[in-house]
1. Hey, in the GNM for chain B with a 10 angstrom Cα cutoff, which one of B:LEU220, B:LEU93, B:LEU171 fluctuates hardest?
2. Kindly express, to the nearest 10 degrees and within the range 0 to 90, the angle between helix B:235-253's C-alpha long axis and the longest C-alpha principal axis of chain B.
3. Compute the length gained on full extension between A:ALA548 and A:ARG591: take 0.36 nm times their separation in residues and subtract their Cα-Cα distance, giving the result in nm to one decimal.
4. Label point 7 Å out from A:ALA559 along Cα-to-Cβ: which residues of the range A:567-600 have amide N under 20 Å?
5. What size of dipole, in debye to the nearest 20, comes out for the protein assembly as shown about its Cα centre when the only charges are +1 on Lys and Arg C-beta atoms and -1 on Asp and Glu C-beta atoms?
6. With axes computed from alpha carbons, what is the tilt in degrees of helix B:134-152 against the longest principal axis of chain B, rounded to the nearest 10 within 0 to 90?
7. Out of B:LYS315, B:LYS256, B:LYS84, any idea which swings most in a Gaussian network model of chain B, alpha carbons joined below 10 Å?
8. If you average 1/r over all unlike Cα pairs in the range A:196-250 and invert the result, what Kirkwood radius do you get in angstrom?
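The values are calculated or read from the model by the stated rules, or taken from the named source; none is laboratory data. Predicted, not measured: the structure shown is a model, and the values here were computed from it. Using ideal geometry, Cβ is built from the backbone for each residue, glycine included, and neighbour counts are taken over all protein chains shown. Just so you know, the surface numbers come from the protein's heavy atoms only, side chains and all, with ligands and any DNA or RNA stripped out. Shrake-Rupley method; radii C 1.70, N 1.55, O 1.52, S 1.80 Å.
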Amino acid sequence: MSSKIRRCAPATLSLFANTSARTPRACIVSQWLRSRGLTTVESTPSQTVPLRKHLKDEAKRKKAEAKGSNINIKAKTNPHSDEWELTVGVEIHAELNTACKLFSAAPATAADINGLPNTRVALFDAAMPGTQPQFQRATLLPALRAAIALGCDVQRKSGWDRKHYSHWDQPNGYQITQYYEPFAKNGNIVLRAEDGVQKTDLSGAQSISIGIKQIQMEQDTAKTTHHAPSSYHVDLNRAGHPLIEIITLPQIHSPQTAAAVVRKIQTLLKSVDACATGMELGGLRADVNVSVRQRGSSGNYSYGGVSGLGQRTEIKNLSSFAAIENAIMAERDRQIGVLEAGGVIEGETRGWTLGASETTRLRGKEGEVDYRYMPDADLPPLVIGCDLVDHLRTTLPELPDATILRVQQDYGLSAKDAKTIAALDDGERLEFMEETVELVLDKADDDQVDKTKVGKLVGNWVLHELGGLLATSNIAWADVTVSETELADIIANLQLKQITSRTAKHLLATLHELPPNEGRPSVEQLIDNGNLRLRPLSEEGYSALAGAIIAENPEMAKAVKEKGHKGKVMWFVGQMVRRGDEGTVEPEKAREVVERLLGS
Amino acid sequence: MDEFGMGSHSTNSAYGEVFNGLKDGPTGGKALSVGGSSGGSALAVASGLAHVGIGTDTGGSIRLPAAYMSLVGFKPSYGQISRKGVVPYANSLDTVGIVAKTVPDIWLTYGASAHPIIEILQKPDDNDPTCLTFSSRERIKVAMLRRKAAVLGSKWLLVPSNRRPEKNEVLIPRETRRKLQNRFLSQRKWTRRIGVPLEYNIEEMHPLVRWAWTATLSHLEGLGCEIVPISLPSTRHALSSYYILAPAEASSNLAKYDGVRYGARRDEVADDADGTLYSRFRAAHLGPEVKRRILLGTYSLSAGAMDNYFIQAQKIRRMVQRDFDSVFRMPNPLQEDAELNMDGVDFIVVPTAPSPPPRLRHVKTATPLESYVNDVFTVPASLAGLPAISVPGPRHPDHPWQPEVAVGMQVIGQYGDDYDVLHLADNYLTDFHDPNTLSRTQQTKVMS
């Protein structure tokens, strides 16, 4: 389609090319989702709204932090922060975006909600006696992309181990994972204030870095559905799907930052196409390790090479950002409460359910499952060549931070707008914008046009005008019918002062409502048919129109003249635009005339 | 066979035991053990029901039945034959083996070196990740040729060719051809050095077995082989190591037989409050030996015992491998920088079992530990993944060959040296018996 597509993995690029002719903007991801019974109409709002909401909340929170007066927010901050220090480590399980399972050629079904149960199962996934694992090399690619994006050292040699536990969602009785020798180690992830890091964690710096201890590949389990009163149905479609487990170092000191780390990792994984679905669709789950210690003191425990920490507890299976934040807060307060009452924290596994105010004990140390880790004798060690890692490193899609920076620099968007446009609709909005900018620049007569100016204009139109239409008409981005060419035509006409911005908005709304068929009129046709082209009024014309309106509204005129209410000038301008024939009055010029007539 | 291959006498089975002879009636008490765990396959071959039998050899399951029933049992190097479809007992030890009446039958089943096209069982298989790939097999050939070149002191090795000369091809002059032929024949008779590990001469060895061992060695010496005493110091720990490692892997492999997916249908409710666990049914339908080994393995893998048992056993396994590597002349093709050991031996010849086949009634009263001792000579080769073949031993002049006094002799070679092991067994250890008249099973006269 265009060389502008940077945010998609190479594999999907060719698919773009095939489908581009069908609709103005074929969205392969949405089609893929729909083919798997996932309507983007439903899922997109649930993906986008929280982000916008998150940005708003972030801004609100920051404001409140600056003021320090908001009561709600105050309850969220740590009341004991002067005395107790919280330490958190996160383990994230992410479903890899692969075509097949980790050890069998059965098709992977990450997001297949409507697929028939137990239809995508190889003999090995069902643990038939006499079957052996066949490592699927292709599953390594998304895992490696994730490891590179997270700055890890990819290990030349890693191994496979069996983690034993007995449950029906694990047909073999063990999960194949990389316990003794993970394939990637020693990464790190950088978070800035915009990512939602708590201000106190930054301690004045621009960003903080959280270490990634290791990333390991492993198998997912089968899905269990409960059928009341006492039946459980097991669906093996998910059994054996490749996962990566990302383990951070215990270097996080606030619940907000922990959620920000997970959110950032999710964004990174999606941007390098390592992972297709996020937390909202169950593609990502997190466990957190929480410990507290008195400030200035040193605990007796050490995790992942970080020593001097307090006894930790683990909270398992958190499936939303809010759950992560709230569970850590609840656990922190519980631990502080126990310690202040003179108690001792037990190393145990705890659970947390949405809406709960406290974590609940799942099992203590004595009830700990002994996983009896053992190297899998069927699988040879995994050897990853440097050439593969280097190749993936050079062909890695642009990372979100780099995209945001580039959009700011090349197109002059504000930091906030750049972040929003890059994050919306899996980056498709950004692609749309970039395409439009190119087209507008092509249409411009001279080469002197400033790219950042056009970029900023197009960015506004894509984000706010088109975004506004989407919101009011309740249509998902994937179903937008306006093409890049059409928007570029509108903006080019606007720039060349062929139409007024009011007309431009009107045109966009008209095109937005037209169905995407063959008989779609071009922008030029619409302008000509509607007689919308700007026919500038003469100086006298402006004066006459302004004079008439001033004469009809003496009170208003008086307010401007005598009391100096400058704001009212724009009211007159608005009246002029409305009164004049469509596409004849330019607001800037009208303003000049009104101001001259009213002598202000 | 024994349930899940766990046993040395083919007696641990829900379907009843396999035995050689009659268990009931006046001569009932004389029935012999057929060895295990692949005793059924071996008995089928021994009694003429089948030409060849296959089975898995994890710690001697092919060689022991072969020794007990005067058959030839061959366990190739680990990874030579695909394990696709084999229900695993201990994956790192499981090897598909062949049992037959004569070595040529094994050649035919396994595939012959002189005819590389004939690869019946011995060939790469993508379905088994532990099966040797084509390139690994090439490395084995290189290691074999390195030894041969070093022994012959020549870079020129002559190998027989099946290729017929082309029509217009200029034939080599008769004189040169004769020279080459002589040289080829002389190369075939290169010295074979036989190692005799002193550690294998254990106290528990039956006198008949010891006699057969010495007789075999003098027979080989008479055929021009050089007999060299060697030492394999970690042998005495090998059996303990095996009985830690194999059950550990078994406990993992058998985790899938959890009473939910396999076994008979049941309608009782599960046993805990939430109705989510099934510990009550975990052991249903499993025999006592299988339960014993699962528990053993589960224990040795548990966090508290791992370091003392599993890790130690793995270390011993490494030592056993290193012991073998240090005595063999051929470099281990799996080691990157293995050197030729010019003082080394080509084969190790030891008995297969410490005694002739025991009576079934003795087997039943023996403790598990006593029956584990039967594997003492077969386990080291399994731990190191080496090729080994068991052939019927020589006749004792005072004791006519009877099923009760059957003794097996075992030839062990370096990893990948399967063809030479077969070659030695085929050409040097076959003149003890006539395979067609050898009495293998207890004959009972049916009175009518």
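1. The residue with the greatest mean-square fluctuation here is B:LEU171.
2. Its long axis makes an angle of about 60 degrees.
3. 14.0 nm
4. Residues passing the 20 Å test: A:567-579, A:591-600.
5. Details: 120 positive and 122 negative charges, 249 e Å.
That gives the protein assembly as shown a dipole magnitude of about 1200 debye.
6. Taking the Cα atoms of chain B, the angle to B:134-152 is about 50 degrees.
7. With Cα springs under 10 Å in chain B, the top fluctuation among B:LYS315, B:LYS256, B:LYS84 is at B:LYS256.
8. Numbers: mean 1/r = 0.0666 Å⁻¹.
For the range A:196-250, the Kirkwood estimate is 15.0 Å.
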